[in-house]
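What follows is a set of notes on a single structure, which appears directly below.
The values are calculated or read from the model by the stated rules, or taken from the named source; none is laboratory data. Worth saying up front: this structure is predicted, and the values here are computed from it rather than measured. Methodologically, a virtual Cβ is constructed for each residue, glycine included, from the backbone with ideal geometry; neighbour enumeration extends over all protein chains shown. Each accessible area value is taken on the protein alone, full model and side chains, heavy atoms only, with ligands, DNA and RNA left out. Shrake-Rupley method; radii C 1.70, N 1.55, O 1.52, S 1.80 Å.
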Amino acid sequence: MDGGGTVDTQARAQDRATADGMPLTGEPLALELVNTTFVRGGVRGVLVDALRTPEDLGDWLAARAPLFSEPLRAGLAGAAVTGAQVARFRELRQALRDLAAALVAGERPADAPVALLNSSARLAVSWPEFEPGSGGPARTVTRWSEPDPLLAALGEVAVAGVGLLAGEAAGQVRACPAPGCILYFVKSHGRREWCTVGCGNRVRVARHSRRLKGDPA
Ligand SMILES: [Zn+2]
């Protein structure tokens, strides 16, 4: 479904037209990463991948800075993003998608995504260090076992994934049931059925037109 140049360019242009390019935001960090692939346009829509380039990843991280630990944010702010780092995020994204799919299906996940999630979580290891002041007060500085702030951020996404998939909210993770939609969300209130209002409306319109045609819904 990786569209050629033209379709892709159109999708990317549409991307920029919407806030942040994502149809759904505000989900837990791990699902925010999963949801960087989505379908625009319903059942016959186009698959959009909003995490393809270093610029994409830089934008995605900047827009979600509050979801990362406070000391890491400073390191991320000035960091240059490379294609290799994008590849690592995409790999974790696939693992999280596989794990979320297994969760909602009530199945035991495959070993590979579990291993990838757990090895990625290790990148988030950090500790406080004491830094004496020269004349002024001493302060705490945070050090990471992984010196690359982008990979430390990858680690924090993985840690968030562990917390989501094995935590209290795990039972509320949903795959959007709208035809053609591939987004995941946490059912944040009892009546939430769809990932977005857009998906709910699309399904209602489709039901309505089937009724008008006399088709069984
Ligand atoms: Zn949806």
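Can you pull out every residue in the stretch 161-193 that is in a loop (DSSP other than H, G, I, E, B), away from the ligand (no atom under 13 Å from the Cβ) and within 17 Å of Leu29 (Cα to Cα)? Working first, answer last.
Within the stretch 161-193, the subset in a loop (DSSP other than H, G, I, E, B) is 166-167, 176-183, 187-193.
Narrowing the set further to residues that are away from the ligand (no atom under 13 Å from the Cβ) leaves 166-167, 188-191.
Those that are in a loop (DSSP other than H, G, I, E, B), away from the ligand (no atom under 13 Å from the Cβ) and within 17 Å of Leu29 (Cα to Cα): Ala166, Gly167, Ser188.
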Could you give every pair whose Cβ atoms fall below 6 Å, whose first residue belongs to the stretch 68-95 and is without any contact (Cβ under 8 Å) to a residue 12 or more places away in the chain, and whose second residue is assigned to a helix (DSSP H, G or I), counting only separations of at least 6 or pairs across chains?
-> Arg73/Ala65
Only one of Pro137, Pro147 is more than 23 Å from Thr82 (Cα to Cα) and either among the basic types (Lys, Arg) or out of contact with any Gly (no Cβ under 8 Å at 6 or more places or on another chain) (or both), namely Pro137
Listed residues Val197, Val159; which is crowded, with 17+ Cβ neighbours inside 10 Å, within 25 Å of Ala100 (Cα to Cα) and of a type outside the set (D, E, K, R)?
-> Val159
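Answer yes or no as to whether Val43 is surrounded by fewer than 16 Cβ atoms within 10 Å (Cβ to Cβ) and more than 25 Å from Ser126 (Cβ to Cβ). Step through it out loud before you land on a result.
Values: surrounded by fewer than 16 Cβ atoms within 10 Å (Cβ to Cβ): yes; more than 25 Å from Ser126 (Cβ to Cβ): yes.
In short, yes.
Kindly evaluate Arg122 against the criterion of being part of a helix (DSSP H, G or I), open to solvent by 90 Å² or more (accessible area, probe 1.4 Å) and farther than 14 Å from Phe68 by Cβ. Before you say what the answer is, go through the steps one by one.
Working: part of a helix (DSSP H, G or I): yes; open to solvent by 90 Å² or more (accessible area, probe 1.4 Å): yes; farther than 14 Å from Phe68 by Cβ: yes.
Answer is yes for this residue.
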Trp127 passes all but one of (1) at pLDDT 95 or above; (2) open to solvent by 80 Å² or more (accessible area, probe 1.4 Å); (3) within 21 Å of the chain's Cα centre (by Cα); (4) not small (Gly, Ala, Ser); which number fails?
-> (3)
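Kindly check whether there is at least one residue in the stretch 200-210 that is of a type outside the set (A, V, I, L, M, F, W, C), within 20 Å of the chain's Cα centre (by Cα) and within 14 Å of the ligand (Cβ to nearest atom).
no
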Could you list all residues from the stretch 93-119 that are over 15 Å from the mean Cα position of the chain (by Cα) and surrounded by 19 or more Cβ atoms within 10 Å (Cβ to Cβ)?
-> Leu103, Pro113, Leu116
Kindly indicate whether any position in the stretch 141-160 is outside any helix (DSSP H, G or I), farther than 26 Å from Leu117 by Cβ and either of a type in the set (Val, Ile, Thr) or free of Cβ contacts under 8 Å to residues at least 60 places away in the same chain (or both).
-> yes
